[in-house]
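Asks: Pasting a structure here, questions to come.
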Number of protein chains: 4
Amino acid sequence: MEKIPKKMQAVVLMGPNQLETKEVETPSPGPQDVLIKVNACAVCGSDVSLIEKPWEAQPPYGSFIIGHEYAGTVSAVGETVDEFEVGDRVAVEASYGCGRCRNCRHGNYTACLNYGNLKRGHRANGFTTNGGFAQYAVNHINTVHKIPDSIEFNEAALITNLGCILYGFQTIGGYVVGDQVVVVGPGPLGLIAVGVAKALCAEKIFLVGTRDSRLEMGKTMGADRVINVNEEDPLKVIREETNGIGADLVVESSGNVRGPQMAAEMSKRMGKILLVGYPEEPAAVNFSLLGMRNINIYAIRGEGWANCARAVSMLSKGRISLMPLATHSFPLANVKEAFKTFTERIGGAIKVIVHPNEV
Amino acid sequence: MEKIPKKMQAVVLMGPNQLETKEVETPSPGPQDVLIKVNACAVCGSDVSLIEKPWEAQPPYGSFIIGHEYAGTVSAVGETVDEFEVGDRVAVEASYGCGRCRNCRHGNYTACLNYGNLKRGHRANGFTTNGGFAQYAVNHINTVHKIPDSIEFNEAALITNLGCILYGFQTIGGYVVGDQVVVVGPGPLGLIAVGVAKALCAEKIFLVGTRDSRLEMGKTMGADRVINVNEEDPLKVIREETNGIGADLVVESSGNVRGPQMAAEMSKRMGKILLVGYPEEPAAVNFSLLGMRNINIYAIRGEGWANCARAVSMLSKGRISLMPLATHSFPLANVKEAFKTFTERIGGAIKVIVHPNEV
Amino acid sequence: MEKIPKKMQAVVLMGPNQLETKEVETPSPGPQDVLIKVNACAVCGSDVSLIEKPWEAQPPYGSFIIGHEYAGTVSAVGETVDEFEVGDRVAVEASYGCGRCRNCRHGNYTACLNYGNLKRGHRANGFTTNGGFAQYAVNHINTVHKIPDSIEFNEAALITNLGCILYGFQTIGGYVVGDQVVVVGPGPLGLIAVGVAKALCAEKIFLVGTRDSRLEMGKTMGADRVINVNEEDPLKVIREETNGIGADLVVESSGNVRGPQMAAEMSKRMGKILLVGYPEEPAAVNFSLLGMRNINIYAIRGEGWANCARAVSMLSKGRISLMPLATHSFPLANVKEAFKTFTERIGGAIKVIVHPNEV
Amino acid sequence: MEKIPKKMQAVVLMGPNQLETKEVETPSPGPQDVLIKVNACAVCGSDVSLIEKPWEAQPPYGSFIIGHEYAGTVSAVGETVDEFEVGDRVAVEASYGCGRCRNCRHGNYTACLNYGNLKRGHRANGFTTNGGFAQYAVNHINTVHKIPDSIEFNEAALITNLGCILYGFQTIGGYVVGDQVVVVGPGPLGLIAVGVAKALCAEKIFLVGTRDSRLEMGKTMGADRVINVNEEDPLKVIREETNGIGADLVVESSGNVRGPQMAAEMSKRMGKILLVGYPEEPAAVNFSLLGMRNINIYAIRGEGWANCARAVSMLSKGRISLMPLATHSFPLANVKEAFKTFTERIGGAIKVIVHPNEV
């Protein structure tokens, strides 16, 4: 068995927009935890956001190791853990609920009412506790999933993204066989939503965006019809190609301020809108239209109801591939370049991955 | 058996804001219809709206008899009808779906995709076909419910309101035992929502409004805590009195442009918002908050899933009373006064009822 | 346009086990119907059963044309029908609910409370009204689905089978991504259940049976693990290969008297059992086990909630193929041979199809 | 603050049917626990069963303190607990799930896959860990609920029974407004089911039993129609009084071997059967009938999804009363008499309560 060093390299947030790679103490797993030697940790939009401006219950500058999308190998297990063994290849999800609040008791741990309350047991790796841009990370076993050899670490690092979309699909009922599905916004989550809708046998999947390269990627993921809003009117196209009825499901992942209203207009009567992207500024919506059409809107957060376990299953069966999204990777030393590549979409970057143990 | 006259008195919409009481032909029931001698027909906010400006698929001026909230006695039955007999006391709901579209086939007849398409069979009494401000009205039997003698016609005329709120509660899951419920807006639907939340064993019911008289009525309907926004900050009160957690369910019935955002702020993580009132102008909402809190929004229309039958059951068992809402009534000749009383809330009017067969 | 003949050939049930192919009048479509020129009509186990002993509300001997699994071409449309045109290629489902009972109003038309009541409008083609072992058949449009050219009539004739299994999966929640699924009984419905579980991304699909040829067919449909009960103990295998937990979902389609109990034993705590096959004799079950494991059992009938439309979508997208099940076909003249082939499984017959318009 | 003694009196199971009241060490709460000074602990049928023959994962004879239905006062809190304070009046539920298995992660802690696995954290007080027939008991806070002064301890001790029935109603959908409900078996759970159906606005509640005294108690709890099977044919009565349709919901709580089949016969097409009583021997059921009627069966165990919290709410609001069921009580010294009174129904005993701290 490999020896675990006392010190490790980690990316620490020292202040707003101040990332620093430095040596820190290697953490130890608690009774229900495992220690993971991180192979791959992906950059997420929420990382960019919390680096810029602190999120709720964020650990103090100078000690906060960011990163919540990672995968690696189990290096040590807590005293009560027999579900995992040293050497297991694993991927993680971010949220461990307190287990004792009203929401957690119903299984809604991603909406834990004790968010950020360490005493009561809540942990969100990379948000309220340390995360995965480091050589090692500690995770409660509820946030850890074994992966087969057939899943590469780069793909496994993206598993929360698939888990999040699956959680969204389960939230809206989980059954879309033969349904008309529109996805707005070909970002990572939107592209995965296309793939999930395809895997779950939707009738026709429309993908709406502005950049042809991303729309092309959408076709790879399973889109039947891509609509570049600079060239076509998406409302007109969707109305026409759904026999005048509109979409059964609209997945809004653009985060654009006009997104929610556009989703309402695309929806059929009794349609559903799943929100996975959120504008920062208030968005205006014609609620009378929502009423006339009897539309439900589902805003989700995180990767709830253990959908990351389902995500591992889908990947291991080859029912969806996230590899096309893993466009770039860097060693830990180049973490700033990784973030820059991600935020500026250099070289058509979609997801950018850092390898903390790569020399 | 009473003879049915060939001609009858009815309130016909002659043009925008032009109601005229005139003699017209008494209608005949089709094979699956009944003819109802209308005892009581209530004024609804949607009547006021469509009188002012025509709604989708409205019959032409000069022939359109309005009114969709009514009750009376069966006077004749269609050839296939053995579910009803002449003399049955009945209340109605508005929507008869086409029965053949994708939505109707799933039981979602209030969201019929053939809305207003008479050829394909859709009918919405008082909206796309003739209604109940008349001595007689024809209804498909799906829109007719027998009522026991214990329910007065004035109360029976309001049954769609209760059916609508029950449909809303069924939409959000139907199970609110021990839940914290907020109702915003003490209009007829809001007051009934208070009563339904009470009947279904909610823990604490908050009612938010601006007029003390309506809030007092809310206490009669079952509100545990009324909040006059001119005197208290509803967000502060709700947060404090729910242990900092927020509401499990917010029923927004004010139709105020700030209503949806206020509902989001009142909601707990994983809370639900039920919309039964809709602002006409676009309303701004902080969708990031919806995301952070993992909130679902349910916009409903009509009184779906046969909830009017459930409404009759509740009324006949005395589990809720709508009589306090039936504040005023008028004979047919005074229909304009009835509308004025309703819209200007003269004498504290809540629901105003017209008696078409009252001399 | 092809002329419709006044007389046609049809298979009429003259008495118990007395099928006769004879000339009868060609039926005419009502206002909401289409007339279908039948290309292919499949033999179903329920045909065999009702030929032997009449079912509830069956038409009288001497006039009853059997057959409920068919596909063909629209030859004429009823007066209100603009959803279909002459020449459309279509497949059918059996049940048209009355549309006016408590169940139909909720969309549960396959559980119509007016089953067999023609006056109130219920029709079940091939059960309570005439069916498809004939050159022409009349169907209410709710029971008719357009099919693309890519779906052969032989496959389209089997669409109710897929619709039935999809209805079952929707009944149990519709979301099985990553779940362990066991199917007991490799009959047509069981084999399709394997295919649907596969299409909807189940983790591992076990198929339990007694005949190796059928189990092989199960592999073709997507089974990951087949268990011949003559060779292995299915309980032991399933327990071992699900990590000691048991199945999330057991689909019992064997109709064996020991099937329900076996399903309970295979299930995990909080598991679900979907019944699509039913023993004729009472079956003994250890209900204490059901209680200890908190198991739900879902017994379904028919192809509800418009799942035949979803079935067409799956077939047209190539997400499942029913062609391997369509093992034999015969012209109308050989209908008795068709039934014999089906019941005696001659030549490994799975589904046997009759072509009523084949010379 | 009252001092907690080092030793306490407790009822220990020494062997099959060997209860002994003896002095043992007072337990200490762990970090997420509270110590409860037990005021009242009720005898349950499962106590009787496990005294006779050990249940799964039961603690060894000589150390096992039985009892899982209790209420009392918080005497000490664990180090992380700030949700409770010493002096709080509380009631308990039995099951604390491991929180880390597939079922617990979905909120299904009463179906924990690590049942009886102490290392992984599962505890079921009075089943796999010590319970409440003692002066003090330790409970994880998830199993503890504050009660207001208006709820007597004797009633609070019965809260798991109400929680169990509420869990059952939530399992079948939770919305029974206007539904026809049959309850078979007027034991404690059956009687509470009557009360819950009443509280949730069912249309008509039938109670089926054999003893007039219990049926009378059923009327007190809210039954609209009681049927003594020695005097009337329940199937005939229910069919007639539901307009020939049958029940929307049948709650089988008799545990009789003919119960499940009788429930199927009472059910309407598309009806639901909720099982809360279970025969020990295999029960024969006509599964074809289940199929023809498209019936779902829900077997539940325990008081899941935090329904004990909802139970406290209902009791505190006076929406149901369990006091009529608390027919007898005894001090700890008379525990054997308490069990005898319960099992032999001496003096019409329904629930029998022991007061461990009563001299």
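The values are calculated or read from the model by the stated rules, or taken from the named source; none is laboratory data. Owing to the predicted nature of the structure, the values given are computational and were not obtained by experimental measurement. Glycine gets a Cβ as well: all are built from the backbone with ideal geometry, and neighbour counts include every protein chain shown. Each accessible area value is taken on the protein alone, full model and side chains, heavy atoms only, with ligands, DNA and RNA left out. Shrake-Rupley method; radii C 1.70, N 1.55, O 1.52, S 1.80 Å.
Asks: Considering A:Arg120, A:Arg100, A:Arg89, which residue is of a type outside the set (Gly, Ala, Ser) and in contact with a helix residue (DSSP H, G or I) (Cβ under 6 Å, 6 or more places away or on another chain)? Break it down stepwise before answering.
Replies: Working: A:Arg120 fails: in contact with a helix residue (DSSP H, G or I) (Cβ under 6 Å, 6 or more places away or on another chain); A:Arg89 fails: in contact with a helix residue (DSSP H, G or I) (Cβ under 6 Å, 6 or more places away or on another chain).
Exactly one residue qualifies, and that residue is A:Arg100.
Asks: State all residues of segment B:176-194 that are part of a helix (DSSP H, G or I) and either open to solvent by less than 10 Å² (accessible area, probe 1.4 Å) or under 25 Å from D:Ser316 (Cβ atoms) (or both); if no residue qualifies, say none.
Replies: Within segment B:176-194, B:Gly190, B:Leu191, B:Ile192, B:Ala193, B:Val194 meet the criteria.
Asks: Which one is farthest from the other protein chains (Cβ to nearest Cβ) among residues in segment A:271-303 that are open to solvent by 40 Å² or more (accessible area, probe 1.4 Å) and modelled with pLDDT of 95 or more?
Replies: Step one: of segment A:271-303, the residues open to solvent by 40 Å² or more (accessible area, probe 1.4 Å) are A:272, A:278, A:280-282, A:284, A:286, A:292-293.
Checking which are modelled with pLDDT of 95 or more leaves us with A:272, A:278, A:281-282, A:284, A:286, A:292-293.
Numbers: A:Lys272: 10, A:Tyr278: 4, A:Glu281: 8, A:Pro282: 4, A:Ala284: 4, A:Asn286: 5, A:Met292: 6, A:Arg293: 7 Å.
Out of the qualifying residues, it is A:Lys272.
Asks: Next up: Can you spot a residue in segment B:308-317 that is in contact with an Asp or Glu (Cβ under 8 Å, 6 or more places away or on another chain), aliphatic (A, V, I, L, M) and assigned by TED's automatic domain parsing to the domain that holds B:Ala94?
Replies: No: zero hits.
Asks: Considering segment A:76-90 alone, what residues qualify as being in a loop (DSSP other than H, G, I, E, B) and among the small types (Gly, Ala, Ser)?
Replies: Hits for segment A:76-90 are A:Gly78, A:Gly87.
Asks: Related question: Taking C:His122 and the conditions (1) within 14 Å of chain B (Cβ to nearest Cβ); (2) surrounded by fewer than 24 Cβ atoms within 10 Å (Cβ to Cβ), which numbered condition does it fall short on, given that it satisfies the others?
Replies: Result: C:His122 fails condition (2) only.
Asks: Separate question: Residue check, B:Val257 against (1) within 30 Å of B:Gly131 (Cα to Cα); (2) touching a residue at least 24 places away in the same chain (Cβ under 8 Å); (3) out of contact with any Gly (no Cβ under 6 Å at 6 or more places or on another chain); (4) open to solvent by 10 Å² or more (accessible area, probe 1.4 Å), all met but one. Which one?
Replies: (1)
This table checks each residue for (1) touching a Phe, Trp or Tyr at 6+ places or on another chain (Cβ under 9 Å); (2) of a type in the set (S, T, N, Q).
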| site | (1), (2) |
| --- | --- |
| C:Glu85 | no, no |
| C:Ala94 | yes, no |
| C:Asn125 | yes, yes |
| C:Thr128 | yes, yes |
| C:Asp149 | no, no |
| C:Gly168 | yes, no |
| C:Val177 | yes, no |
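Asks: Give segment C:319-349 a look and list any residue that's of a type in the set (Gly, Ala, Ser), within 30 Å of A:Glu203 (Cα to Cα) and assigned to a loop (DSSP other than H, G, I, E, B), or say none.
Replies: Once the filter is applied, which keeps residues that are of a type in the set (Gly, Ala, Ser), within 30 Å of A:Glu203 (Cα to Cα) and assigned to a loop (DSSP other than H, G, I, E, B), segment C:319-349 yields only C:Ser321.
Asks: Report whether or not D:Val312 is open to solvent by less than 10 Å² (accessible area, probe 1.4 Å) and over 19 Å from D:Ala197 (Cβ atoms).
Replies: no
Asks: For the subset of segment B:20-46 comprising residues that are open to solvent by less than 20 Å² (accessible area, probe 1.4 Å) and part of a strand (DSSP E or B), which member is nearest to B:Leu158 (Cα to Cα)?
Replies: B:Ala42
Asks: Filter segment D:334-359 down to residues that are touching a Cys at 6+ places or on another chain (Cβ under 9 Å) and of a type outside the set (A, V, I, L, M, F, W, C) and give me whichever is nearest to D:Val12 (Cα to Cα).
Replies: This residue is D:Pro356.
Asks: Report every pair of residues separated by at least 6 positions or lying on different chains whose Cβ atoms are under 6 Å apart, first residue within segment C:14-37 and without any contact (Cβ under 8 Å) to a residue 40 or more places away in the chain and in the same structural domain as C:Val77 (by TED's automatic domain parsing), second surrounded by 13 or more Cβ atoms within 10 Å (Cβ to Cβ) and β-branched (Val, Ile, Thr).
Replies: Filtered contacts from segment C:14-37: C:Asn17/C:Ile51; C:Glu20/C:Val12; C:Lys22/C:Val12.
Asks: Kindly provide the set of residues from segment A:317-359 that are at positive phi and surrounded by 14 or more Cβ atoms within 10 Å (Cβ to Cβ), ordered by number. Talk me through it step by step, then tell me what you get.
Replies: So in segment A:317-359, the residues at positive phi come out as A:318, A:345, A:347-348.
Correct list: A:Arg345 only.
Asks: So in segment A:195-232, with the set limited to residues that are of a type in the set (D, E, K, R) and more than 28 Å from C:Ala309 (Cβ to Cβ), which one is surrounded by the most Cβ atoms within 10 Å (Cβ to Cβ)?
Replies: Across segment A:195-232, the extreme among qualifying residues is A:Arg214.
Asks: Right, next: Do we find that A:Gly87 is surrounded by fewer than 13 Cβ atoms within 10 Å (Cβ to Cβ) and of a type in the set (Gly, Ala, Ser) in this structure?
Replies: yes
Asks: Let me ask something additional. So B:Glu69 passes all but one of these: (1) under 25 Å from C:Leu118 (Cα atoms); (2) buried (at least 18 other Cβ atoms within 10 Å of the Cβ). Which condition number does it fail?
Replies: With (1) under 25 Å from C:Leu118 (Cα atoms); (2) buried (at least 18 other Cβ atoms within 10 Å of the Cβ) applied to B:Glu69, the lone miss is (1).
Asks: Report yes if A:Ser313 is assigned to a helix (DSSP H, G or I), of a type in the set (Gly, Ala, Ser), in contact with a Cys (Cβ under 9 Å, 6 or more places away or on another chain) and facing another protein chain (nearest Cβ under 10 Å), otherwise no. Give the derivation first.
Replies: Details: assigned to a helix (DSSP H, G or I): yes; of a type in the set (Gly, Ala, Ser): yes; in contact with a Cys (Cβ under 9 Å, 6 or more places away or on another chain): yes; facing another protein chain (nearest Cβ under 10 Å): yes.
The answer is yes for A:Ser313.
Asks: Considering only residues that are touching a strand residue (DSSP E or B) at 6+ places or on another chain (Cβ under 6 Å) and within 14 Å of chain C (Cβ to nearest Cβ), look in segment B:93-108 and name the one that is nearest to B:Ala40 (Cα to Cα).
Replies: Checked segment B:93-108; the qualifying residue nearest to B:Ala40 (Cα to Cα) is B:Ser95.
Asks: Right, here's the next one. Hey, can you tell me all the residues within segment B:169-194 that are away from chain D (no Cβ under 11 Å), within 21 Å of D:Gln170 (Cα to Cα) and under 15 Å from the mean Cα position of the chain (by Cα)?
Replies: B:Ala193
Asks: Would segment A:155-165 turn up any residue that is in a loop (DSSP other than H, G, I, E, B) and open to solvent by less than 10 Å² (accessible area, probe 1.4 Å)?
Replies: There is at least one residue in segment A:155-165 that is in a loop (DSSP other than H, G, I, E, B) and open to solvent by less than 10 Å² (accessible area, probe 1.4 Å).
Asks: Mind telling me which of the residues C:Phe133, C:Phe169 ends up being under 30 Å from C:Ile227 (Cβ atoms) and surrounded by 24 or more Cβ atoms within 10 Å (Cβ to Cβ)?
Replies: Exactly one residue qualifies, and that residue is C:Phe169.
Asks: Hey, another quick one. Based on this model, can you work out whether A:Ser316 counts as touching a strand residue (DSSP E or B) at 6+ places or on another chain (Cβ under 8 Å), more than 30 Å from B:Phe169 (Cβ to Cβ) and of a type in the set (S, T, N, Q)?
Replies: Criteria not met by A:Ser316.
Asks: Follow-up. Working only within segment A:91-114, note down all residues that are in a loop (DSSP other than H, G, I, E, B) and either within 19 Å of A:Asp33 (Cα to Cα) or in contact with a Cys (Cβ under 7 Å, 6 or more places away or on another chain) (or both). Before you say what the answer is, go through the steps one by one.
Replies: Narrowing segment A:91-114 to residues in a loop (DSSP other than H, G, I, E, B): A:93-94, A:97-101, A:106-108, A:112-114.
Those that are in a loop (DSSP other than H, G, I, E, B) and either within 19 Å of A:Asp33 (Cα to Cα) or in contact with a Cys (Cβ under 7 Å, 6 or more places away or on another chain) (or both): A:Glu93, A:Ala94, A:Gly97, A:Cys98, A:Gly99, A:Arg100, A:Cys101, A:Cys112, A:Leu113, A:Asn114.
Asks: Among the residues of segment A:123-138, is there at least one that is without any contact (Cβ under 8 Å) to a residue 60 or more places away in the chain and more than 27 Å from A:Ala338 (Cβ to Cβ)?
Replies: no
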